[in-house]
């Protein structure tokens, strides 16, 4: 099953790199294209912070190095967990593979340019959700799958009567 988990991570990385490259090529920085009026736009933003622009305005000169270090530590942990749990196709394995692919996509950007291209922008009424990208989406979906697994799926040990 490891090859399928690695394939999922690779496909997330490939989709992330492709979409970021297309956005950077086709939409000028800070511009946007309306896809669903008042709700969904493609934009071109460059995020020097963490996911959803957290810490983007921080003046710390160590910010990028710390984000890269955090990403590398997360990749090592996720890879180890994925390696241990990859004997069967499970929600946990898919979640970890999505996180791995997303983390690689954003780390790639940070290592090459010190920033991440964000381009998916949603509005609900006057509220704007922070722009994000495919890698961020994969990380959030992967974390959601892990949370569902932890909260709602009974392991064989917990399912046995006492």
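The values are calculated or read from the model by the stated rules, or taken from the named source; none is laboratory data. Nothing here was measured: the structure is a model prediction, and the numbers come from that model. Reconstructed Cβ throughout: ideal geometry from the backbone, glycine too, with neighbour counts over all protein chains shown.
Data table
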quantity: Scan of region 12-67 for residues that are assigned to a helix (DSSP H, G or I), exposed (fewer than 14 other Cβ atoms within 10 Å of the Cβ) and at pLDDT 95 or above, ordered by number; calculated: 14, 18, 21, 22, 25, 26
quantity: Any chance residue 74 is surrounded by 15 or more Cβ atoms within 10 Å (Cβ to Cβ) and assigned to a helix (DSSP H, G or I); calculated: yes
quantity: Failed criterion for residue 115 (all others in (1) under 30 Å from residue 33 (Cα atoms); (2) free of Cβ contacts under 8 Å to residues at least 60 places away in the same chain; (3) in contact with a helix residue (DSSP H, G or I) (Cβ under 9 Å, 6 or more places away or on another chain) hold); calculated: (2)
quantity: Matching residues in region 78-96 - criterion: being loosely packed, with under 13 Cβ neighbours inside 10 Å and either in a helix (DSSP H, G or I) or modelled with pLDDT of 90 or more (or both); calculated: 80, 83, 84
quantity: Filter result (surrounded by 12 or more Cβ atoms within 10 Å (Cβ to Cβ) and either in a loop (DSSP other than H, G, I, E, B) or more than 19 Å from the chain's Cα centre (by Cα) (or both)) within region 1-11; calculated: 1, 2
quantity: Every residue from region 112-151 that is over 9 Å from the mean Cα position of the chain (by Cα) and assigned to a strand (DSSP E or B); calculated: 116, 117, 118, 119, 120, 121, 122, 123, 124, 127, 128
